[in-house]
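To start, the structure under review is shown below, and the notes come after it.
Laboratory data are not the source of any read-out in this text; all were calculated from the coordinates shown. All values reported here derive from a predicted model rather than from experimental measurement. Note: ideal-geometry Cβ built from the backbone for every residue, glycine included; neighbour counts use all protein chains shown.
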Amino acid sequence: MNINKNGEVRECKRCGKMFFYAGTGKCICSSCKAEDESEFNIVKEYIYDNFSATILEVSRETGVRVARIKSYLKDGRLIIPDGSSIFLNCEVCGTNIKFGRLCRECAGSLSNEMKREMNINEFQIGEKPNNSNLGKMRFLDDK
Ligand SMILES: [Zn+2]
Ligand SMILES: [Zn+2]
């Protein structure tokens, strides 16, 4: 692999514009990064002010795409507050988690090789929500 310590010109993953990438963090240009930050803050505030909102409602009210909200959660940037109607499932056992892609139990039972294959980072290992709040959770695939 070609490692360039001084950064390089790359294509922004979000808008496709060429920009100078310093080699760390997400490969997005500075204007997309600023947009991402402000969207992130809007979503975060909305979720903490509106516990009962589902992810679809959050998306509708904030104008931020569901996929993007989920990526905030999966990357551990955003943590679902206790009592929220938003849910995430562990990719292995399907249990509810507050952020990330795997619950601690599954992360603990997977070999490092498996985690590498699934592209799991330490920050993507999430906590389970408080059990007392489980009854309030609604599921997207509820009929
Ligand atoms: Zn961009
Ligand atoms: Zn699990």
(request) Residues being within 11 Å of Thr54 (Cα to Cα) and of a type in the set (S, T, N, Q): count how many of those fall in region 81-96. (result) 2
(message) Any residue that is in contact with a Leu (Cβ under 9 Å, 6 or more places away or on another chain), assigned to a loop (DSSP other than H, G, I, E, B) and over 18 Å from Pro129 (Cβ atoms) - is there at least one of those in region 100-114?
(response) yes
(request) May I ask you to list the residues in region 90-99 that are near ligand 2 (Cβ under 9 Å from one of its atoms) and either part of a loop (DSSP other than H, G, I, E, B) or more than 18 Å from the chain's Cα centre (by Cα) (or both)? (result) Cys90, Glu91, Val92, Cys93, Gly94, Thr95
(request) Any chance you could count how many residues in region 93-132 are loosely packed, with under 12 Cβ neighbours inside 10 Å and closer than 16 Å to Lys70 by Cα? (result) 1
(message) Looking at Ser59, Ser84 in this structure, which one is surrounded by 19 or more Cβ atoms within 10 Å (Cβ to Cβ) and within 16 Å of Glu35 (Cα to Cα)?
(response) Ser59
(request) Look at Val66 and say whether it is more than 16 Å from ligand 1 (Cβ to nearest atom), closer than 17 Å to Asn119 by Cβ and out of contact with any His (no Cβ under 7 Å at 6 or more places or on another chain). (result) no
(request) Looking only at region 41-68, count how many residues are of a type in the set (A, V, I, L, M, F, W, C) and under 15 Å from Arg14 (Cα atoms). (result) 2
(message) Of everything in region 27-65, what is without any contact (Cβ under 8 Å) to a residue 24 or more places away in the chain and either under 18 Å from Gly126 (Cβ atoms) or of a type in the set (Ser, Thr, Tyr) (or both)? Give them in sequence order.
(response) Ser30, Ser31, Ser38, Tyr46, Ser59, Thr62
